[in-house]
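The values are calculated or read from the model by the stated rules, or taken from the named source; none is laboratory data. Only a predicted model underlies this, so the values are computations on that prediction, with no experimental measurement involved. Because the Cβ atoms are built from the backbone with ideal geometry, glycine has one as well, and the counts that use them run over all protein chains shown. Surface areas here come from the heavy atoms of the whole protein model, side chains and all, with no ligands, DNA or RNA. Shrake-Rupley method; radii C 1.70, N 1.55, O 1.52, S 1.80 Å.
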Amino acid sequence: MKNTNLEIAFTHIITRKRQTLVAALGVLVGVGIYLFMNSLSAGFSDFSRDEIFKNSAHIKIFKDDQISVPFYQSKDKNELAIINNPQILAENKTLLNPSVLLKNVLNEPYITNAVMQVDFSAFYNKGTAQVKGTSNGVDILAYSDMYNTAKYMVAGSINDLPGNLNGIIIGSGIASKLSLGLNDNLVVSSSLGITKTMKIVGIFKTGSSTSDNQRSFVNIATAQQFLKQNPSYVSTVFANTPDPDKSKDFAKRLQQITAYKVEDWTVTNADLVAGDKTRSTMMGAISLSILLVASFGIYNILSATISQKINDIAILKAIGFTGGDVIKIFVVEALIMGIIGTIAGLIFGGILIFIMQNVYMGGPVGYFPITFEPQIFATSAVLGILITLCAGYFPAKKAANVDPVSIFRK
Amino acid sequence: MKEKNIILQANNIEKYFYDPVKFQVLRRLSFTSYQGEFLTLVGKSGSGKSTLLYCLSTMDTDYSGEIFIDGVKTNNLKSDQLANLRNHSIGFVFQFHYLLPEFSCLKNVMIPAMKLGKYNLKEIEERAYQKLEILGLKDQALKPASKLSGGQQQRVSIARALINDPKIIMCDEPTGNLDTKNTQIVFDIFKQLTQQGNQTIIAVTHDVDFAKRSDRTIELTDGEITATTKNFEVLL
């Protein structure tokens, strides 16, 4: 009867509280640290990903450079090859009929936001002082829906930009370098020699110094003028999806409705994605080893219990308990230690996360970006119990193989 | 006069020890034991009497020959089947009591019955009390097994051996650790069981007095049966 095995296991646990607690303590530390480190890593990954999405979209649609092909290619080795020098075509980078493309993209069910964008290299001048940067010609309201620009405004409002062809929103770094404030005039010139006097309608501060020191927003039409392009010129369409992790698949689907190049953020930010992966693998490996070490506590204590209880095991086998019963008894004991330790470990890890949430890291990070993620809690619980099961199984198997005769004949 | 029901039969049991050198402990041993018989196995130390008992007990399976327990050939059974057979057909009493120290006497007695699962927990408890009463320990039932005296512990272990009403009770020096008084008590209980309960007792002993008062004594010398003495004519 199974109940008998359980009863024996429970009695062992209750009469050996100290060992149980020591073993559970090992699991507690293991599970707690595992949970904490993985939450740290996940929290930081989420943070750095959010940082990416502050300035870049999940999906980017643009006209890729094309390599020129020779007019005539040799058909076999007897023909003379035409010597040529393949290079990218000096074609216009514009997307044809961008508004229709934008509409089609927005019509796709998996696209939450999309904007057209015209970028140009800008020089911000005041007197003789000059700051180099990039200006983005966008529909600022749609853009703000996507990147939450309105949240980062420190002066003025994004609502003042649309329709104001001389309006510009600049980063706080540019403003302080050139000592400019709201409603001041700023001379902006592009690499194509166009110079315009713009009026500052807003100043933003994202916390990222590259962005704050270099970027500005203008209307699309203004940007087109700076690039000496016609009013239909748009170089890029950016789109967001509900789930950045699935943007690769969405990009593939989007590619089917357009001839232009569709690229998801993991390609554009391959270096960051790889760095992220490396970090979580490292954290995972370290925390898993800690969990493994903790499981040795259970292994040790159970092995010691079994050596001490070898007489009991022998008599149980004599009176009709099978090897399987003996395994069940000791695995259940390990499981009880594991469950106690895992539950306590989850609480311990939770406390660590809570403390970490209140640690101020400074800079653009602010408080440490760590959250309670149910998925990590679940993984830690499952791993904690799984590892104790394994740690319990091997000593239990040893116990099941005890030869009762050798004990009785001592 | 009782009918002669064969409860245990051993045919040509041979067994070797290999450590440190190959050595034959049991030499083509054959004998039969009957229902309600009080059988003792005697012999000098090293004569193979305990080894024989452990082969009969089904715990040692490393021998050649055949053993039938209550008509069932045990050689072909798997280890789990042997465990079940021991659970319902064989009770064990050893020189040492081997009680589980964390459990009360009552629980110790109940465990084999709980494993068997034939009765519900309440019935098992009742039966355990009965067995403890037979052994004069009803008042000690709820004490932890480790708190009893040696003689009492041994009696609890006998109650444990009896709980499933096994056909055979196998004992290895059951009185080896007991004083004269407790030896007498244990002997009387065994005698009573064979006469009233129709259970068979096979006991290894070197207590000559104990052996003489059993129904039949088999003497082993160097792995062979050298003498079989019928002490009482209870069997036909």
For the range A:269-399, the Cα-Cα pair-distance distribution in 5 Å bins from 0, as whole percents, is 2, 9, 14, 16, 15, 11, 9, 7, 6, 4, 3, 2, 1, 0
Expressed in angstrom, Rg and Dmax over the Cα atoms of the range A:334-409 are 20.4, 74
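Rank-order B:190-202, A:351-363 by packing density, defined as the average count of other C-beta atoms within 10 Å over each peptide's residues, highest first.
Ranked from most to least packed, the peptides come out as B:190-202, A:351-363.
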Taking only the alpha-carbon positions of chain A as identical scatterers, the Debye log10 I(q)/I(0) at q = 0.07 Å⁻¹ comes out as -0.57
Of the accessible area of the protein assembly as shown, computed with a 1.4 Å probe and all protein chains kept, carbon and sulfur make up a percent value of 56
Distribution output for the range B:93-150: share of Cα-Cα pairs per 10 Å bin in percent, first bin at 0, values 24, 56, 20, 0
So, for the Cα atoms of the range B:1-46, Rg and Dmax in Å stand at 14.5, 49
Cα extents of the range A:296-359 per principal axis, largest first, Å, are 60, 17, 12
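Scan chain A and note any complete DSSP helix (H) whose C-alpha atoms cover at least 15 Å along its axis and whose Kyte-Doolittle average is -0.5 or more.
Helix filter hits for chain A: A:2-15, A:17-55, A:270-308, A:323-357, A:374-400.
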To the nearest Å², the heavy-atom accessible area per residue of the range B:173-236 with 1.4 Å probe amounts to 50
Inter-chain shielding metric for A:308-319, i.e. average beta-carbon neighbours from other chains within 10 angstrom, reads 6
Taking N as the residue count of the range B:43-106, its alpha carbon Rg divided by 2.2 N^0.38 Å gives 1.31
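Per the Kirkwood formula on distinct C-alpha pairs, the Rh of the range B:1-98 is how many angstrom?
Kirkwood radius, the range B:1-98: 14.6 Å.
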Across B:149-162, the residue-averaged tally of Cβ atoms belonging to other chains within 10 Å stands at 0
In Å, the Kirkwood estimate of hydrodynamic radius for the range A:138-196 over Cα pairs equals 12.7
Chain A: longest segment with zero exposed GluC sites (Glu not before Pro), where exposed means DSSP loop plus at most 12 other C-beta atoms within 10 Å, is residues A:92-410
With only helices counted (DSSP H, runs n ≥ 4, each -39500 (n - 2.57)), the per-residue ellipticity at 222 nm for chain A, to the nearest 500, works out to -17500 deg cm²/dmol
Output for the range B:136-232 (equivalent-ellipsoid semi-axes, sqrt of 5λ from the C-alpha gyration tensor, Å, descending) is 26, 15, 12
Calculated from DSSP helices alone, with each H run of at least 4 adding -39500 (n - 2.57) and the total divided by the residues of chain B, [θ]222 nm to the nearest 500 comes to -9500 deg cm²/dmol
Expressed as a whole-number percentage, the relative contact order of the range A:116-242 with C-alpha contacts under 8 angstrom and at least six residues apart is 36
Residues whose modelled amide H sits under 5 Å from the amide H of residue A:204, counting only those 5 or more places away in sequence or on another chain, are A:154, A:170, A:171, A:172
Taking the convex hull of the alpha-carbon atoms of the range A:242-332 and averaging its shadow over every direction gives an area in square nanometres of 10.9
A student asked for the Cα radius of gyration and Dmax of chain B in angstrom ought to give 17.4, 52
In whole µm²/s, the translational diffusion coefficient that Stokes-Einstein assigns to the range A:174-291, given a Kirkwood hydrodynamic radius over C-alpha pairs, 10 °C and 1.306 mPa s, equals 85
With every protein chain in place, the residues of the range A:322-343 shedding 10 Å² or more of accessible area versus the chain by itself (probe 1.4 Å) are A:322, A:325
Correct response: the longest run of chain B lacking exposed GluC sites (Glu not before Pro), defined by DSSP loop and at most 15 other Cβ within 10 Å, is B:4-232
By the mean-Cβ-within-10 Å protection proxy, highest first, A:115-121, A:166-172 rank as A:166-172, A:115-121
Percent relative contact order for chain A, counting Cα pairs under 8 Å at least six residues apart, stands at 28
As straight-line cross-link partners of residue A:63, the qualifying aspartates and glutamates (C-alpha separation under 17 Å, not fewer than 8 residues apart within one chain) are A:91, A:119, A:263, A:264
Checked against the positive end of the charge dipole of the range A:228-318 (+1 on Cβ of Lys and Arg, -1 on Cβ of Asp and Glu, about the Cα centre), the farthest of A:265, A:254, A:284 is A:254
Protection proxy (average C-beta count within 10 Å per residue), highest first, orders A:308-314, A:103-109, A:129-135 as A:308-314, A:129-135, A:103-109
A correct Stokes-Einstein calculation for the range A:9-147, using the alpha-carbon Kirkwood radius, 4 °C and 1.567 mPa s, returns a whole-number D in µm² s⁻¹ of 57
Taking the range A:95-209, the whole-percent share of alpha-carbon pairs separated by over 25 angstrom is 26
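For the range B:75-161, what is the relative contact order in percent, using Cα pairs closer than 8 Å and at least 6 residues apart in sequence?
Reported relative contact order: 42 percent.
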For chain A, the per residue accessible area (1.4 Å probe, Å²) is 49
Taking Cα atoms only, Rg over Rh for the range B:84-190 with Rh from the Kirkwood formula is 0.93
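Can you pull the mean other chain C-beta count within 10 Å for peptide B:82-94?
The shielding value for this peptide is 4.
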In whole Å, largest first, the alpha carbons of the range A:1-80 cover along the principal axes 92, 41, 21
Rounded to the nearest 100 Å², the accessible area hidden between B and A, summed over both chains at a 1.4 Å probe radius, is 2300
